[in-house]
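Each remark here refers to the structure printed beneath this line.
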Amino acid sequence: MLRKILLGTVCASALITTATVSLAQASQDIKSEQGTLEVTPVVTGLEHPWAVAFLPDRQGMLVTERPGNLRRVTVDGKLSAPLNGVPTVWAKGQGGLLDVVLSPDFKQDRMVYLSYAEGGGPDGKAGTAVGRGRLTEDFSGLKDFQVILRQEPKLSVGNHFGSRLVFDRDGYLFVTLGENNDRSTAQDLDKLQGKVVRIFPDGKVPKDNPFVGQANVRPEIWTYGQRNPQGAALNPWTGTLWENEHGPRGGDEINIIERGKNYGWPLATHGINYSGQPIPEAEGETAEGTAAPNHVWEKSPGLSGIAFYDADRFKVWQHNVFIGALVSQELIRLEFDGDKVVHEERLLGDWNKRIRDVRQGPDGYLYVLTDEENGGLYKVGLKQ
C-alpha cells in the first residue's frame, strides 16, 4: 500500500530555545522571469548548514550543521541549542553532519533520520553512515539513536560522501553515496562507494533489490556508477527518484534513477580532471551498458539540493524543478516538457552565497540554505 510522506505546516511554535537569532535583515525583492522574487531571511548564524526538514503541526524545522549540530528553527527566527543524542561525526573536508529527513510515519513514531560522515576507517579514513533516533516530545534531542547503514569500506580522506535521504511512496529509504573520490569503486559491486542504495526504514535489505543473492555483491545496491550525488528527491507526479551529482571539471548531471542501472562514472563522463587532463578510465561521454544522464551541464554549477514544485501558492512554478548551486552560487529553475529540460533560469546570482539545500515548504514557499560559516535559512516566493 502506498504510504505518503507526511508534511506538516511550517509555523511558529512554543519556544525551547536557549539561543535565539532574529531576522538579520529585511526581505529583498529580486527580479525573475516569472515575477518579483521576495527573499526573506528566516534565521542566520548557522554554521555551514547542510539540510532542512519540516516538522508537522506547527512545530518548525530541523536543520543540520556540518560540524555536527542538529537544531530546531521556528519561522520567526528562533534557533534552539544543539539537540542532544546526535551521533559524533567526522567533520573534516566535506564530511560532517549531512542530510535530515523525517520518517513517513513521524506523527506516530517521531523518528528522525540523519546521514553523516563517520570515522574509524583504515589510516583515519571515513565513510557515510545513516542512522535514526526518536525526537523527544520536548524537542531537546534524539533518543536511542541507532546506525542502520554504513558505507563500506571507509575510503574517504574528506571528499565525496554524498549523501541524500529519500523515502519513496512505499516507505523504502533511498540513500545516495559518493565514491569517496576513489573513482573505480563506483563500478565495484562489492563496495558501497558511488551507489544509490535501497533499504527498509530499519536498515534491512528488501528481497527484491536487483542484486540480492549474487556472490560478492552488496545487496543494498539499487544503482551504481554515481560520482558524488548531492541532491535527490522523489518526483511527486511519477513517484520516481531523481538524483543530481557533481561531475569532475564539467559534467554535472541529473539522473532519473531506475532499478539496477549503471550510471557510468567513471567510464562515461562529460567532464575532465581538475588538472585539465582526461579521466583515465573514461571511454567518452557515453559507454556501452551505461545509462545516459537526463540532463548535463558542461560547465559545473556544483549542484546541491533539489526540489520539485507542486504547491498551489505560486502556480507559475508548478512542475518546475529548483536546484541549488554551490560553485556558481545560484538557485537554478528548470522547466520541463515531460522529463526533458526545455528552459533554465539562474536566480539569486547576486547573492554570492553557496546554496546547499532547497526544499518546498508546506506553506508553498521555497526554503534555501546557504553553506557558509555564518549561513542562513531563507524563504523564497513570488510577490503576489
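The values are calculated or read from the model by the stated rules, or taken from the named source; none is laboratory data. In this text, all values refer to a predicted model and were calculated from it rather than measured experimentally. Neighbour counts are summed over all protein chains in view; Cβ atoms, including those assigned to glycine, are modelled from backbone coordinates with ideal geometry.
Taking the conditions exactly as written (more than 25 Å from Ala117 (Cβ to Cβ) and β-branched (Val, Ile, Thr)), does Thr64 satisfy them or not?
no
Rundown of residues vs (1) among the polar types (S, T, N, Q); (2) at positive phi; (3) touching a Gly at 6+ places or on another chain (Cβ under 7 Å), yes/no style:
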position: Gly45; (1), (2), (3): no, yes, no
position: Asp76; (1), (2), (3): no, no, no
position: Gly95; (1), (2), (3): no, no, yes
position: Leu102; (1), (2), (3): no, no, no
position: Thr128; (1), (2), (3): yes, no, yes
position: Thr136; (1), (2), (3): yes, no, no
position: Arg150; (1), (2), (3): no, no, yes
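Exactly one of these conditions fails for Ser163: (1) at pLDDT 95 or above; (2) more than 16 Å from Leu62 (Cβ to Cβ). Give me its number.
(1)
Got a number for residues in the range 55-73 being under 21 Å from the mean Cα position of the chain (by Cα) and more than 16 Å from Gly131 (Cβ to Cβ)?
11
Find the residue count for the range 26-67, including only residues that are of a type in the set (Val, Ile, Thr) and over 19 Å from Asn374 (Cα atoms).
Residues that pass the stated criteria total 2.
Hey, can you tell me all the residues within the range 106-124 that are under 21 Å from His48 (Cβ atoms) and part of a loop (DSSP other than H, G, I, E, B)?
Hit for the range 106-124 is Gly119, nothing else.
Give Pro67, Pro87 a once-over and let me know the one that is free of Cβ contacts under 8 Å to residues at least 40 places away in the same chain and of a type outside the set (S, T, N, Q).
On inspection, the qualifying residue turns out to be Pro67.
Looking only at strands (runs of 3 or more DSSP E) that fall completely inside the range 227-344, which ones have 2 or more residues that are out of contact with any Asp or Glu (no Cβ under 9 Å at 6 or more places or on another chain) and surrounded by fewer than 21 Cβ atoms within 10 Å (Cβ to Cβ)?
330-337
Kindly check whether there is at least one residue in the range 171-184 that is at positive phi, out of contact with any Cys (no Cβ under 6 Å at 6 or more places or on another chain) and surrounded by 17 or more Cβ atoms within 10 Å (Cβ to Cβ).
Yes, the range 171-184 contains a residue that is at positive phi, out of contact with any Cys (no Cβ under 6 Å at 6 or more places or on another chain) and surrounded by 17 or more Cβ atoms within 10 Å (Cβ to Cβ).
For the condition touching a helix residue (DSSP H, G or I) at 6+ places or on another chain (Cβ under 8 Å) and either farther than 27 Å from Gly141 by Cβ or at pLDDT below 95 (or both), what is the one hit in Ile16, Ile30?
Going through Ile16, Ile30 in turn, the sole match is Ile30.
For the range 125-153, give me each residue that is out of contact with any Leu (no Cβ under 7 Å at 6 or more places or on another chain) and in a strand (DSSP E or B).
Ala126, Arg132, Lys143, Asp144, Phe145, Gln146, Val147, Ile148, Leu149, Arg150, listed by residue number.
Do we have Thr286 as of a type outside the set (Phe, Trp, Tyr) and more than 25 Å from Leu98 (Cβ to Cβ) here?
Yes; evaluated as a whole, the condition is true for this residue.
If Asp144 satisfies all but one of (1) acidic (Asp, Glu); (2) at pLDDT 95 or above; (3) over 30 Å from Lys191 (Cα atoms), what's the number of the condition it fails?
If we test Asp144 against (1) acidic (Asp, Glu); (2) at pLDDT 95 or above; (3) over 30 Å from Lys191 (Cα atoms), just (3) comes out false.
Given the structure, is Gly213 part of a loop (DSSP other than H, G, I, E, B), touching a residue at least 12 places away in the same chain (Cβ under 8 Å) and surrounded by fewer than 24 Cβ atoms within 10 Å (Cβ to Cβ)?
Answer is no for this residue.
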